[in-house]
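Participant: The structure's right below; bear with me while I get my questions together.
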Amino acid sequence: MPHQPMPPRTLTTRCCIVGGGPAGMMLGYLLGRAGVETIVLEKHADFFRDFRGDTVHPSTLQVMDELGLIDGFLQLPHQQIQKMDGQFGGSPIRISDLSRLKARYPFIAFMPQWDFLNFLREQGRRFGSLKVMMNANATDLLWSGDRVAGVKADTPEGAIEIRADLTVACDGRHSTVREKAGLEIEEIGAPMDVLWFRAGKAASDNESVFARLERGRMMVTFDRGDYWQCAFVIAKGQYDAVKARGLEALRDDIVRMAPVLKSGIAEVKSWDDVKLLTVAINRLKRWTRPGLLCIGDAAHAMSPVGGVGVNLAVQDAVATANILAAKLVKGPPADEDLDAVQRRREFPVRMTQRMQVVVQNNLIGVALKPGEGPLKPPLFARVINAVPWLQGITARFIGLGVRPEHVHSPEA
């Protein structure tokens, strides 16, 4: 007789979260803390992914504090930054000063995202209601009529079906769940893409400049202690042209913009050491279907401008738990409860994306256009540089965001 495939194993839970990124792991932690039976599916075997958002802003640090996790969290290796300085055509500009924030943690912590996610997973182990499944790749949705009833997933042990009262898509800007649900995306667009790479850093290399703009190019450098994390910004769709010029030409452009990388750029040995990140700004018109909610990048892809993506994802998770956790303890949430999450979070998302578009169009897009003569700082950047209290306003937008969330979900 021909071999019959094993029927998929079936699990049942109150909430199934697809994706173990910042939104998924934070929401899993909060629901586990509230006593909600929750399964988080992460398709990879670990969280070790390079070139992911590593900036943990004051809004997220405040959430960690409210959860009683901040002391252990800040013991993890990280760097702190308060003042964000740039160079525009050679002119120094201070863009923001987080020391002016009236926040308990007025700084940005640079921490590898895998450390952040591992920390949340380890802290969540004490909740019997939370199960994190690694190597579990969600492939499709389960339906009951027009209602999402869970997900299908592949695991090393075979296919599984997870039946859930609520499915939450946290699987990023290329969300499988979002696609299977047929949710409509509104594209906003971005004028640039980013080449990410690491460069070596000597102990004597110290420089506070993080953004450099010259005519036709832009670069961002983050001091990560023993290496530089770098973003070379190129005009949208120009990667093939950059690659055609050759790696040596790219390295020369990089060192010309950031001489501090002269010795460390040797670590960029081939194009395998350079990762193309295609920048997109978009958002779902509707974040929900009956039985389904999308949050984080699955609901709204952000530009890297301001480094706010991780923190908006965490804010989404906090708001979701605030609105749904107590209801999920008792049973399936109503459709209007899911819509309440979108109503709560859509305004901050729209405002943040609008500000990102303003920066892209009036700063980055202008700089990336070829032209003659040196690049001059735009008027708004010169005004911010000249008026220190304005640096506190930009710091508030970057560090705390629009309508930051606070933890109000129950603790079992």
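The values are calculated or read from the model by the stated rules, or taken from the named source; none is laboratory data. Quick caveat: nothing in here was measured; it's all calculated off a predicted structure. Heads up, the Cβs are rebuilt from the backbone with ideal geometry, glycines too, and the neighbour counts pull from every protein chain shown.
Participant: Does ILE234 satisfy the criteria of being of a type in the set (A, V, I, L, M, F, W, C) and either in a strand (DSSP E or B) or on the phi > 0 side of the Ramachandran plot (or both)?
Facilitator: It is true that ILE234 is of a type in the set (A, V, I, L, M, F, W, C) and either in a strand (DSSP E or B) or on the phi > 0 side of the Ramachandran plot (or both).
Participant: Of the numbered conditions (1) touching a helix residue (DSSP H, G or I) at 6+ places or on another chain (Cβ under 8 Å); (2) among the small types (Gly, Ala, Ser); (3) buried (at least 21 other Cβ atoms within 10 Å of the Cβ); (4) over 21 Å from ILE188 (Cα atoms), ALA258 fails exactly one; give the number of that condition.
Facilitator: (1)
Participant: Consider VAL279 carefully, then state whether it is part of a loop (DSSP other than H, G, I, E, B), in contact (Cβ under 8 Å) with a residue 60 or more places away in the chain and under 20 Å from the mean Cα position of the chain (by Cα).
Facilitator: yes
Participant: Of the residues ASP65, ASP97, ASP85, only one is of a type in the set (Asp, Glu), in contact with a Phe, Trp or Tyr (Cβ under 8 Å, 6 or more places away or on another chain) and either under 28 Å from THR176 (Cα atoms) or in contact (Cβ under 8 Å) with a residue 60 or more places away in the chain (or both); which?
Facilitator: Step by step, each of ASP65, ASP97, ASP85 is checked, and only ASP85 is of a type in the set (Asp, Glu), in contact with a Phe, Trp or Tyr (Cβ under 8 Å, 6 or more places away or on another chain) and either under 28 Å from THR176 (Cα atoms) or in contact (Cβ under 8 Å) with a residue 60 or more places away in the chain (or both).
Participant: Out of all the residues in the stretch 342-353, is one or more more than 22 Å from the chain's Cα centre (by Cα), under 22 Å from LEU292 (Cα atoms) and assigned by TED's automatic domain parsing to the domain that holds ILE295?
Facilitator: Among the residues of the stretch 342-353, not one is more than 22 Å from the chain's Cα centre (by Cα), under 22 Å from LEU292 (Cα atoms) and assigned by TED's automatic domain parsing to the domain that holds ILE295, which makes the answer no.
Participant: Scan ASP85, ASP97, ASP115 and give me the residue that is within 22 Å of THR221 (Cα to Cα), within 19 Å of the chain's Cα centre (by Cα) and not hydroxyl-bearing (Ser, Thr, Tyr).
Facilitator: ASP115
Participant: While we're looking at this one, here's another question. Considering only the stretch 310-365, state which residues are crowded, with 22+ Cβ neighbours inside 10 Å, free of Cβ contacts under 8 Å to residues at least 60 places away in the same chain and within 28 Å of LYS236 (Cβ to Cβ).
Facilitator: Those that are crowded, with 22+ Cβ neighbours inside 10 Å, free of Cβ contacts under 8 Å to residues at least 60 places away in the same chain and within 28 Å of LYS236 (Cβ to Cβ): ARG345, THR352.
Participant: For the stretch 215-225, name all the residues that are of a type in the set (D, E, K, R) and either at pLDDT 85 or above or not in a loop (DSSP other than H, G, I, E, B) (or both).
Facilitator: Scanning the stretch 215-225 gives ARG217, ASP223.
Participant: Another question about this same structure. Assuming LYS201 fulfils every condition listed in (1) touching a helix residue (DSSP H, G or I) at 6+ places or on another chain (Cβ under 7 Å); (2) surrounded by fewer than 18 Cβ atoms within 10 Å (Cβ to Cβ) apart from one, which condition is it?
Facilitator: (2)
Participant: Out of everything in the stretch 242-255 that is surrounded by 15 or more Cβ atoms within 10 Å (Cβ to Cβ) and among the charged types (D, E, K, R), what residue ends up being nearest to GLN229 (Cα to Cα)?
Facilitator: ARG251
Participant: So, in the stretch 108-160, of the ones that are surrounded by fewer than 21 Cβ atoms within 10 Å (Cβ to Cβ) and among the aromatic types (Phe, Trp, Tyr), which residue ends up farthest from LEU76 (Cα to Cα)?
Facilitator: For the stretch 108-160, the residue satisfying everything is TRP143.
Participant: Still on this structure: Let me confirm something: among ARG403, ARG345, ARG396, ARG350, which residue is in a helix (DSSP H, G or I), among the charged types (D, E, K, R) and modelled with pLDDT under 95?
Facilitator: Among ARG403, ARG345, ARG396, ARG350, only ARG396 is in a helix (DSSP H, G or I), among the charged types (D, E, K, R) and modelled with pLDDT under 95.
Participant: Strands (runs of 3 or more DSSP E) wholly in the stretch 109-211 with at least 1 residues that are in contact (Cβ under 8 Å) with a residue 60 or more places away in the chain, touching a strand residue (DSSP E or B) at 6+ places or on another chain (Cβ under 7 Å) and of a type in the set (Val, Ile, Thr) - which ones?
Facilitator: It comes to 130-133, 147-155, 158-169, 185-187, 192-200.
Participant: How many residues are more than 16 Å from GLU37 (Cα to Cα) and hydroxyl-bearing (Ser, Thr, Tyr) when one looks only at the stretch 299-329?
Facilitator: 1
Participant: Can you name the residue in the stretch 1-52 that is within 17 Å of LYS152 (Cβ to Cβ), of a type in the set (A, V, I, L, M) and modelled with pLDDT under 95 and is also farthest from the chain's Cα centre (by Cα) among such residues?
Facilitator: MET6
Participant: Any chance you could count how many residues in the stretch 8-58 are in a strand (DSSP E or B), buried (at least 24 other Cβ atoms within 10 Å of the Cβ) and touching a Gly at 6+ places or on another chain (Cβ under 8 Å)?
Facilitator: 6
Participant: Looking at TRP228, TRP287 in this structure, which one is assigned by TED's automatic domain parsing to the domain that holds MET302 and either crowded, with 17+ Cβ neighbours inside 10 Å or not basic (Lys, Arg) (or both)?
Facilitator: Exactly one of TRP228, TRP287 is assigned by TED's automatic domain parsing to the domain that holds MET302 and either crowded, with 17+ Cβ neighbours inside 10 Å or not basic (Lys, Arg) (or both), namely TRP287.
Participant: Here's another thing I want to ask about it. Mind listing whichever residues of the stretch 290-309 are crowded, with 24+ Cβ neighbours inside 10 Å, closer than 27 Å to SER96 by Cα, touching a residue at least 60 places away in the same chain (Cβ under 8 Å) and not small (Gly, Ala, Ser)?
Facilitator: ASP297, VAL308
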